[in-house]
Amino acid sequence: MSDFLMPSLGADMERGKLVEWLVKPGSEVKKGDVIAIVETHKGAFEVDIFEEGVISELCAGEGQEVPVGGVLARLMPSNSVPAIVPPPGPMAPTAVVKAPEVALAAPPSPGAPSASAKSPTVAQKVSSISPASRARAKVTPAAGRRAAELEIDPYTLKGTGIYGSVTIADVERASASQVSREASARPTRPGRGFDPLQMRQAIAAAMSRSKREIPHYYLTTTIDMGPSLSWLETFNTERPPDQRLLPATLFLKATALALREVPQFNGFWENGRFRPGSGIHIGWAVSLRGGGLIAPAVHDVDTMTLSELMSALRDLVARARGGGLRSSEMTNPSFTVTSLGERGADSVIGVIYPPQVATLGFGRIAVRPWVIDDKVTARPIVVSSLAADHRASDGHAGGLFLAAVDRLLQEPVKL
Amino acid sequence: MNSPVAKPVRMSYREACRQAIRDALTNDPRTFLMGEDVGLYGGCYAVTKGLLDEFGPSRIRDTPLAESAFVGAGIGAAVAGMRPIVEIMTCNFSLLALDQILNNATSIAHMSGGQFAVPLVIRMATGAGRQLAAQHSHSLEGWYAHIPGLKVLAPGTVEDARHMLGSALADPNPVLIFEHIVLYNAEDELDPAVASVDIGSAKIRRPGRDVSVLTYGNSLPKALAAAETLAKEGIEAEVVDLRVLRPLDNATIFESVTRTRRCIIVDEGWKSGSISAEIAARLSEDLFFELDGPIRRICSREVPIPYSRHMEEAALPQTSAIIETARILVGSR
C-alpha cells in the first residue's frame, strides 16, 4: 500500500484543488498514467502517477483543496486483493464511509437519494451545527488559537502534524492561500486552460522571489549560427514539414550537452546549498496566447536525438497552450531556456526561476557583420545570455558554460 | 601584572563530588560527613576515599546500617547548629529514613513557627545502568520532589556535582542531592572561573528551535547525544537540564516550550506519578495554547529494574527512543 500525494507543481505552490478524478477505486494504473486533474493558481494540470498498482481509495473529493504532500489516493500492488473504499462525496471527510445510521455521520452526497431529506432528523440538525469533520479533525491548541486570530476554520484543514493534526504551520499556509484565493473570484469547476489573472499572480510571485533572493550575474556571448543553420537547411530539405527541425532544438540540445560539461548550472539552490538535478530536464519557456508564460520541462534532453527533441517540443508547446501539462513536467525542470524566435529582440537577459540556479536566453538570429580571417562577412548571429545565481556558481564557470554552448553549435552534426 | 588564568581542569563526576565534600569540610568546622561505609571503606562508590585520613573519624563518621537512626541524628545535629552531610548508599535504602525526612526534617521549621531550621544535606546515589538490580537501581527523586519543605537536586554535569553541595549546605532547608551512579565515571572540563552554582534554576544545555527535551541526571547525556543525531537530520532539539526537581524552575521550562511548542520529557523514574507527569501537567495547565503537538514522555519501564544487562538497557530511557520520538513529534519537514 502506498500513498499518492499532491505533487508540488512549482516552487510557489502550497496547495491544489482536485478538479477531477480520471480513475476510480479499482482502476489499474501504471507509471505515466494521468489519474487526476489538479488546479493550481497556474492553471489546471494533468497529474501523472509514478507507480504501478490498483487504486484502492480516493482520499480527496472533487473540488477539495489539498496541501502539497497531502494524500490524494491510496494505491495497492496489483497482485494483492484490493480492499476498495468508495470515493468520498464532494468535500466529505475521508474516513466516514459506512452507511450513516448514527448522529455525526457524513452528510449524504448531493446525488444520493435520501429518505430522510424531507423531514430533518435530530442527527441531521446536529450535524449541520457540528459537521462530521469537526469530530475527527485534530487541531493542536496552538494552531487553534492561531486559526482564531486569522479567522480560519482549522477543522476544514488537512493536518501535517503528528496523527495528522492541524498545526500552526498548516493554519498559516491555509491563511496565505486564502489571501491569494480571495484576490480573484474563480469558477468552481474551471476548464483546463489557464486563468490569466492567476497566471499573472504566479509569475509575479516567482519572479519577485527570484529578484528578492537570487543574486543574479549575467554573461553574454555572441555566436555564429552559420554552421548550424546551413546544416539545418540540408537536414530539412530532405524531410516533410512535420519532421523538420527548428533552430530551437539545436539550442536546447547544445545547452543540455553544455550542462553535462558544466553541471553546476543544472540543479537547485535549496536550504543554503546547491543540489544537483537528477537529470538534465530543461524548462522551455512557452509564452501563452492571451498572455502569460510557463516553462514546462523536457526531460533528459541530453539523451534525445534532435528529431525526438523536436517532436517533444511540438507536443509540449501544444499542450502548454491547450492546458494539458503533466505534473511531472512542472515539478522538476532543473534549468530553463528561453528562445525569443524570429520576431524577438536581439537578446534576452533572463530572470532565474527559483529554486533553479541559472537560465539561458537566445535572442533573434539576425544577419550581422562578422569577422572571419580578418575579413568582415555577413553571418547569422545570435546573442546567448546566461543569468546565473552567484550563490551557486561564479562567472568563470559561466564563461566555460557559454563557451561550450558556442563550441557545440559550431558542430551541429554532433548534436 | 597579568593575573594567571587558571586552566580548565578535567575531572570525573566522582572526583567533583569528593572535592565538594573536602571544600565543605575545610571551609566550615560545623560540617561533618556521616553514612554507611563512608570512612574506612571510602564510600561504596568511592566518593569519600581518603577523606577519613585527611579529616579524622570525628568528621568522617561510619554509621551502623540504620538509615532512620543516622538520618535522624543528622536532623538533630542540623537543628543544633551543625551543617551535616549525610550519605545514604542508594536511594532505595532511603525509604528506611523516609519517616525522618518527611515527618521530621521537612516539618520542624513549619511546626516550630520558623524557630528551628534544618540545614541538613542528604546525598544519595540514584539510578540504574550498572547491573545492580532491583534493590539498588531505582530513581526515587521524583517521589521526594512531591514533598514540600525539601529541595531536590539532580546534578547531571561535573560542574553541578562540584558546586551544588556548597549551595545546598548554605540553604537553611533540608536538601537532597541525587548523584547518578552511571555519571560517577563521567569526565568533563571544569571551568575554574566558576566558584558556585545556583540551586534554583534549570539550564539550557543545548539550544534548539524544534522541540524541547526536558531531562536531568543520566538522561541528560542521552538527550544531548540524541540532539546531536537529530541536528544532522535538520531537527534542532533544545536540551533543558532540569537540575532542580523541587522547586521546579517553571520560568525556564515554560520559556523553552513556548518557543519550540513541542516537548519531550525524559525521566529515568517510572512514568506513573513521576516528575515527568508533574511537568506535563504544568505544561498542559499553563501552556496549553502554546503547544503545537502532544507532550511526550520517555520514562523507565514500569518494572523493578532488571539485573541482566540487555533487560536493564531495555527498561531504561535510551537515546534511540528520544530520537524516534522527536522525529515523530516534529514530523519530517
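Rule-based calculations on the coordinates, nothing more; no lab input. Since this is a predicted model, take the numbers as computed values, not measurements. Ideal geometry is used to build each Cβ from the backbone, glycine not excepted, and the neighbour counts take in all protein chains shown.
For B:THR90, the residues whose amide H sits under 5 Å from its own are B:ALA125, ignoring neighbours fewer than 5 places away on the same chain, with H placed 1.01 Å from N. Just so you know, the Rg over Rh for region B:2-89 is 1.05, from Cα atoms, with Rh as the Kirkwood radius. Distance between the modelled labels on A:ARG244 and A:THR303, one decimal in nanometres: 3.1 nm (7 Å Cα→Cβ projection). Measuring between their Cα centroids, region B:82-113 and region B:114-151 lie 10 Å from each other. Applying 1/(1 + (r/R0)^6) with R0 = 60 Å to the Cβ-Cβ distance of B:LEU98 and A:ALA204 gives a FRET efficiency near 0.25.
For a test of the definition: using alpha carbon positions, the gyration tensor, and the 1.5 limit on a/c, classify region B:263-333 as rounded, prolate or oblate. Oblate, because a/c is 1.5 or more while a/b does not exceed b/c. In order along region B:262-269, the phi-based Karplus estimate (6.51 cos²θ - 1.76 cosθ + 1.60, θ = phi - 60°) of 3J(HN,Hα) comes to 9, 8, 10, 10, 10, 9, 6, x Hz; Gly and Pro are listed as x. Determine, from the Cβ-Cβ distance of A:LEU5 and B:PHE289 and an R0 of 25 Å, the FRET efficiency 1/(1 + (r/R0)^6), rounded to the nearest 0.05. It comes out at approximately 0.25. Helix B:250-260 and the long axis of chain B differ in direction by around 20°, with both axes built from C-alpha atoms. Peptide B:165-175 has a mean of 0 when you count, residue by residue, the C-beta atoms of other protein chains within 10 Å of its C-beta. Taking 1.567 mPa s as the viscosity and 4 °C as the temperature, the Stokes-Einstein diffusion coefficient of region A:292-415 based on its alpha-carbon Kirkwood radius rounds to 79 µm²/s. In terms of other Cβ atoms within 10 Å, B:CYS17, A:CYS59 run from fewest to most in the order A:CYS59, B:CYS17. Close amide H pairs (under 5 Å, H built 1.01 Å from N) link A:ALA36 with A:LEU22, A:VAL47, residues at least 5 positions away or on another chain.
How do A:65-73, A:304-312, B:216-224 rank on mean C-beta neighbours within 10 Å, highest first? Intermediate values should be presented prior to the final figure.
Working: A:65-73: 20.2, A:304-312: 16.7, B:216-224: 25.9.
Going by the mean number of other Cβ atoms within 10 Å, highest first, we get B:216-224, A:65-73, A:304-312.
Taking a ≥ b ≥ c as the square roots of the eigenvalues of the Cα gyration tensor, the protein assembly as shown is prolate, since a/c reaches 1.5 or more and a/b is larger than b/c.
Site pair B:SER12 and B:GLN115 shows an inter-label distance of 4.8 nm when each label is modelled 7 Å from Cα along Cα→Cβ. Cross-link partners of A:LYS138 among lysines, defined as those whose alpha carbon lies under 18 angstrom from its own and excluding same-chain residues fewer than eight positions apart: A:LYS158. Scalar couplings 3J(HN,Hα) for region B:276-293, obtained by applying the Karplus form with A = 6.51, B = -1.76, C = 1.60 to θ = phi - 60°, are 5, 5, 4, 5, 4, 5, 4, 5, 6, 6, 9, 10, 3, 7, 8, 7, 10, x Hz; x denotes Gly and Pro. Highest mean packing comes first when the peptides A:368-381, B:281-294, B:131-144 are listed by Cβ atoms within 10 Å, giving B:131-144, B:281-294, A:368-381.
Could you let me know the centre-to-centre spacing of region A:321-363 and region A:223-294, using Cα atoms, in angstrom? Taking the Cα centre of each part, region A:321-363 and region A:223-294 sit 9 Å apart. Averaged over peptide A:162-172, the number of partner chain Cβ atoms lying within 10 Å of each residue's Cβ comes to 3. Working from label points 7 Å from Cα in the Cα-to-Cβ sense, the A:TYR218 to B:ASN27 distance is 7.0 nm.
Among B:ILE253, B:ILE204, a tally of other beta-carbon atoms within 10 Å of each Cβ gives an order, fewest to most, of B:ILE204, B:ILE253.
In a simple Cβ point-charge model (Lys, Arg +1; Asp, Glu -1; nothing else charged), the protein assembly as shown has a dipole of about 1560 debye relative to its Cα centre.
Going by how many other beta carbons lie within 10 Å of each one, how would you line up B:SER272, A:SER334, fewest first?
On the way: B:SER272 8, A:SER334 24.
Least crowded to most crowded, the residues run B:SER272, A:SER334.
For a straight C-alpha distance cut-off of 29 angstrom, the lysines reachable from A:LYS414 (same-chain residues fewer than eight places away being disregarded) are A:LYS253, A:LYS375. Non-local lysine pairs in chain B, meaning eight or more places apart or on different chains, with alpha-carbon distances under 18 Å, amount to 4.
Report the charge-dipole magnitude of region B:10-190 in Debye, nearest 20, computed about the Cα centre from +1 at each Lys and Arg Cβ and -1 at each Asp and Glu Cβ.
200 debye
Using Cβ point charges alone (K and R +1, D and E -1), the dipole size of chain B about the Cα centre works out to roughly 220 debye.
When the alpha carbon gyration tensor of region A:349-415 is reduced to an equivalent ellipsoid, its three semi-axes come out at 27, 13, 12 angstrom, largest first. Taking the inverse of the mean reciprocal distance over all distinct Cα pairs, the Kirkwood hydrodynamic radius of chain B comes to 20.4 Å. The relative contact order of region A:233-308 comes to 26 percent, based on Cα pairs under 8 Å that sit 6 or more residues apart. With a cut-off of 16 Å, note down the residues of region B:315-332 whose backbone N falls inside the zone around a label point 7 Å from the Cα of B:LYS232 toward its beta carbon. From region B:315-332, the list is B:319-324, B:327.
Given region B:10-190, report the % of alpha carbon pairs whose separation exceeds 30 Å.
Numbers: 1640 of 16290 pairs.
Counting every Cα pair in region B:10-190, those more than 30 Å apart make up 10 percent.
Compactness of region B:203-330, taken as the C-alpha radius of gyration over 2.2 N^0.38 Å, stands at 0.99. Considering only alpha-carbon pairs that sit under 8 angstrom and 6 or more positions apart, the relative contact order computed for chain B is 16 percent.
The angle between the Cα long axis of helix B:319-330 and the longest principal axis of the Cα atoms of chain B comes to about 40 degrees, rounded to the nearest 10.
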